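For reference, the structure is listed below as structure tokens.
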Amino acid sequence: MNKFGSQNIKLALIVSGVLIAFVVLYYTQILAQKIQKRERDIAGLYAKSMEYLANDNNSSGEYGFIFDQIIPQIDFPIIATDREQKEVILTKNVSYDTTLSEEKKTEILLKKARDMDEINPPIVVSYKDSVILNYVHYGQSSLVTELKLLPCI
């Protein structure tokens with residue numbers, strides 16, 4: 001084979017490899033965005049569920065769906081705070097040292113909630129669309145974080 005043909009093959013392989021790498025990275029970012037949207041939707045559904053519980057005048061007790069279907073779907077960190085954002089109401093998938101004092105735990109969790117707000121805006125939970133009851137702060141799942149870091153590896 002002549003030298004000219006060999007160089008063309010090498011060049012074609014290099015261009016193909018680079019093109020495949022860019023396509024994989026682009027597709028990875030699209031997947032990360034889709035997962036992030038799903039997480040946003042689940043966090044919004046959770047907040048709407050809290051509103052429903054707060055606005056339920058009949059006290060019908062039909063809460064099984066919320067506790068059986070919505071809450072188990074949450075696989076990302078979530079912190080619910082009061083309306084002044086000074087007290088933590090509940091957490092899920094958030095790691096912290098449980099041996100700390102309540103005051104220190106609250107301080108750490110509120111900082112984590114503020115950090116989450118930089119990633120996603122908090123969702124407002126209100127009573128009859130007029131009185132703010134609390135805020136739902138949520139972050140990214142480890143899967144989204146890993147997918148977003150993939151191009152850096």
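Every number here is computed from the coordinates shown, using simple stated rules; none is lab data. Values in this document were obtained by computation on a predicted structure and should not be read as measured data. So basically every Cβ, Gly included, is an ideal-geometry build from the backbone, and we count neighbours across all protein chains shown.
Take the alpha-carbon positions of the chain, form their convex hull, and give its projected area averaged over all directions (one quarter of the hull surface) in nm².
On the way: hull surface 55.3 nm².
Here the figure is 13.8 nm², rounded to one decimal.
Give the separation of the Cα centroids, the range 119-141 to the range 19-57, in Å.
So the separation of the two Cα centres works out to 15 Å.
May I ask for the angle, rounded to the nearest 10°, between helix 102-119 and the longest principal axis of the chain, with both axes built from Cα atoms and the value confined to 0 to 90°?
Its long axis makes an angle of about 50 degrees.
State the answer as a single residue: which of Asn8, Pro122, Tyr96 lies farthest towards the positive end of the charge dipole of the chain, with beta carbon charges of +1 for Lys and Arg and -1 for Asp and Glu, about the Cα centre.
Asn8
Mind scanning Lys48/Lys128; Lys34/Lys148; Lys92/Lys112; Lys34/Lys128 and naming the pairs with a C-alpha gap bigger than 19 Å?
The pairs that break the limit, which is 19 Å between Cα atoms, are Lys34/Lys128.
Among residues other than Asp97 whose Cβ falls under 10 Å from its Cβ, what is the net charge (Lys/Arg +1, Asp/Glu -1)? Spell out each step's value before the answer.
Numbers: positive: Lys104, Lys105; negative: none.
Net of charged neighbours comes to +2.
So which residue, out of Ala12, Ala113, Ala43, gets the largest mean-square fluctuation from a GNM of the chain using Cα contacts under 10 Å as springs?
Among Ala12, Ala113, Ala43, the largest GNM mean-square fluctuation belongs to Ala12.
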